[in-house]
Amino acid sequence: MANDRYISPFSTRYASDEMQYLFSADKKYKTWRKLWIALAEAEQRVGLPVTDAQIEEMKAHADSIDYEKADAYEKELRHDVMAHIHAYGDDCPTARPIIHLGATSCYVGDNTDMIVMREALDLVAAKLCRVMHQLRDFALTYKDMPALGYTHLQPAQPVTVGKRAALWLYDLSLDLADLDYVRSTLCLLGSKGTTGTQASFMELLGGDGQKIDEMERYIAEQFGFDRVVPVSGQTYTRKYDSRVLSVLSGIAQSAYKFSNDMRILQSFKEMEEPFEAHQVGSSAMPYKRNPMRCERMGALCRAVISDVTNTAVTASTQWFERTLDDSANRRIAVSEAFLATDAILNLYINVTAGLVVYPKVVAARLASELPFMASENILMEAVKRGGDRQTLHEAIRVHAMAAGRRVKEEGLDNDLLDRVAADPRFGLSRADIEKLIDPAAFVGRCPEQVEHFIKEQIDPLLSDRREADGMALRV
């Protein structure tokens, strides 16, 4: 690896080999050649003078790209598509006259971008499903374990560990639905010409629009698409890029929420991301167990969330039938958003595969706050036993304030229950009170909600879905 120049961390630290290949030069230029082959076949089918020998020659050299020759041509011509046309033509002298016949640069450029984005979305979906499956199993395992709930990051009514995981899972299910929808709308540009009028093909085909439509249908079918865009300028509308990156941004938003929750839970010592035997948490503090995976997730999520702004601005600043100030921006924003999302999901898979729960800490944190939350139950039971509601309400309020001062000012345990048990106005023993503060009685329908949500929504969604099993994940 060269150490004297910038190298993207997506290549060395974050993104998977599979996602990196989708945005590689090799994938791009080999797809260009496949598109040129499809164009030649389509033109032959509608009667243009393209021979079997020319097509077979093009197919024989579809993968044997001389990149040095193409680079040399680009330095001379200052045009990447023309450079590769010339390099392909050198490999295919018989086919040279008909390569790229009637097309413009966006025929290979935009169609390749759409092909790559769809394949990249498929990879993202597979990894997203794997995360969801792991969260599903975790939620079911811990659906009954009471834990302290929070609003405003202040103690609130108890939840369960599994119910909290169901919230993370629900966010991802919405992202998967968005991904499926946007993917279903993707279609090739087809072959529209320099301003989208297909004038060059009208000239080649004697004004026969039906033959042009037949060509486009054939090209789309070769790449697994059922249609092409109905109208365009030279490019497909850049709204597609914006919509695709909005999906990635949604995934990043969900992952960011999860990573922040996990960082807080790790600070509370209730839950923890995986920590390897020889992992170092700090160069100065040997005892540290920093949540580095979730911290990295958050950092990458911010990158993806901001990338969508680029595509939104690009879509809104296109001039008439085409402008070229989108090219450099899209080359960076679209690819890096996918690479970053891939890295985020690699981390999400890793973390959810090895989530650590500390039940005693979870129980202790809940127990420290539960006496306050149980005060109404205690009040109701004491009234049932003949107490005066108004008198007892004031009594328990005074005891709660005193217990709170003890916790905050003296750093001592919460003794509210002992105070109530010692107050004869309540007529309750400590054993009576203990029966009223079973944590499971305070979690509402959490276990039922988790089971119902997974059975009714998650399991059908994940059924028969491809999951990213067996891939080497760089973490």
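Just so you know, all these numbers are worked out from the coordinates, no wet-lab data involved. Values in this document were obtained by computation on a predicted structure and should not be read as measured data. Every residue, glycine as well, gets a Cβ built from its backbone with ideal geometry; the counts of neighbours run over all protein chains shown.
Using R₀ = 25 Å, calculate the FRET efficiency as 1/(1 + (r/R₀)^6) where r is the Cβ-Cβ separation of Thr195 and Ser64; round to 0.05.
Working: r = 34 Å, r/R0 = 1.36.
Computed FRET efficiency for Thr195 and Ser64: 0.15.
How big is the stretch 25-98 along each principal axis, measuring the range of its Cα positions in Å and listing the largest first?
Over the stretch 25-98, Cα extents along the principal axes are 36, 22, 16 Å.
What's the local net charge at Ser429, with K and R +1, D and E -1, over the other residues with C-beta under 12 Å away? Mind dumping the intermediate values first?
Numbers: positive: Arg385, Arg430, Lys435; negative: Glu381, Asp418, Asp423, Asp432, Glu434.
That works out to -2.
Arranged by the count of other C-beta atoms within 10 angstrom, fewest first, what order do Phe320, Phe426 take? Walk me through the intermediate numbers first.
Details: Phe320 8, Phe426 23.
Final ranking by Cβ density, sparse to dense: Phe320, Phe426.
Run through all the Cα pairs of the stretch 1-159 and give the fraction in each 5 Å bin from 0, expressed as whole percent.
Each 5 Å bin holds this share of Cα pairs: 1, 7, 12, 13, 13, 11, 9, 7, 6, 5, 4, 4, 4, 3, 1, 0.
At 0.36 nm per residue, minus the direct Cα-Cα distance, what do Leu412 and His393 gain on full extension? Give it in nm, one decimal, please.
4.4 nm
How much length is gained if the chain between Tyr358 and Tyr21 is pulled fully straight, taking 0.36 nm per residue apart and subtracting their Cα-Cα distance, in nm to one decimal?
Stretched fully, the Tyr358-Tyr21 segment lengthens by 117.3 nm.
Net charge near Asp122, counting Lys/Arg +1 and Asp/Glu -1 over other residues with Cβ under 9 Å of its Cβ?
+2
Counting helices only, and only those DSSP H runs with n ≥ 4, report the 222 nm mean residue ellipticity of the chain as the sum of -39,500 (n - 2.57) divided by its residues, in deg cm²/dmol to the nearest 500.
-20500 deg cm²/dmol
Among Ser246, Ser429, Ser259, Ser375, rank each residue by its count of other Cβ atoms within 10 Å, from fewest to most, as a rough exposure measure. Kindly include the intermediate steps, with their values, before the conclusion.
Working: Ser246 14, Ser429 10, Ser259 26, Ser375 20.
Arranged by neighbour count, lowest to highest, Ser246, Ser429, Ser259, Ser375 become Ser429, Ser246, Ser375, Ser259.
Per 10 Å bin, what percent of the C-alpha pairs of the chain does each bin hold, from zero upward?
Using 10 Å bins, I get a P(r) of 4, 16, 21, 18, 14, 11, 7, 5, 3, 1, 0 for the chain.
If you project the alpha carbons of the stretch 375-436 onto their three principal axes, what span does each projection cover, largest first, in Å?
That works out to 35, 23, 17 Å along the principal axes.
Equivalent ellipsoid semi-axes for the stretch 330-394, as square roots of 5 times the alpha carbon gyration tensor eigenvalues: give them largest first, rounded to whole Å.
Calculated on Cα positions only, the semi-axes equal 53, 17, 8 Å.
If the chain between Gln154 and Ala402 were fully stretched, how many nm would it gain, using 0.36 nm times the residue separation less the Cα-Cα distance?
Residue separation times 0.36 nm, minus the Cα-Cα distance, leaves 87.3 nm.
R0 = 51 Å: FRET efficiency of Ser8 with Asn377, Cβ-based, nearest 0.05?
On the way: r = 58 Å, r/R0 = 1.13.
Once the sixth-power term is evaluated, E becomes 0.35.
Using amide H atoms built 1.01 Å from N in the peptide plane, name the residues 5+ places from Gly149, or on other chains, whose amide H lies under 5 Å from its own.
Ala156, Val159
Taking 41 Å as R0, compute the FRET efficiency from the Cβ-Cβ separation of Arg331 and Lys455 and round it to 0.05. Walk me through the intermediate numbers first.
Details: r = 45 Å, r/R0 = 1.09.
After rounding, the FRET efficiency stands at 0.40.
Whole-Hz Karplus ³J(HN,Hα) for the stretch 266-274, in order, using 6.51 cos²θ - 1.76 cosθ + 1.60 and θ = phi - 60°, x for Gly and Pro?
5, 5, 6, 6, 7, 9, 8, 6, x
Which order results if Cys187, Cys129, Cys106 are arranged by neighbouring Cβ count within 10 Å, fewest first? Intermediate results must be reported in sequence, preceding the final value.
Working: Cys187 17, Cys129 20, Cys106 23.
By the 10 Å Cβ count, ascending, the order reads Cys187, Cys129, Cys106.
Long-range amide H contacts for Cys187: which residues qualify at under 5 Å (H placed 1.01 Å from N, peptide plane, sequence gap of 5 or more or a different chain)?
none
Could you give the angle, 0 to 90 degrees to the nearest 10, between helix 67-77's Cα long axis and the longest principal axis of the Cα atoms of the chain?
70
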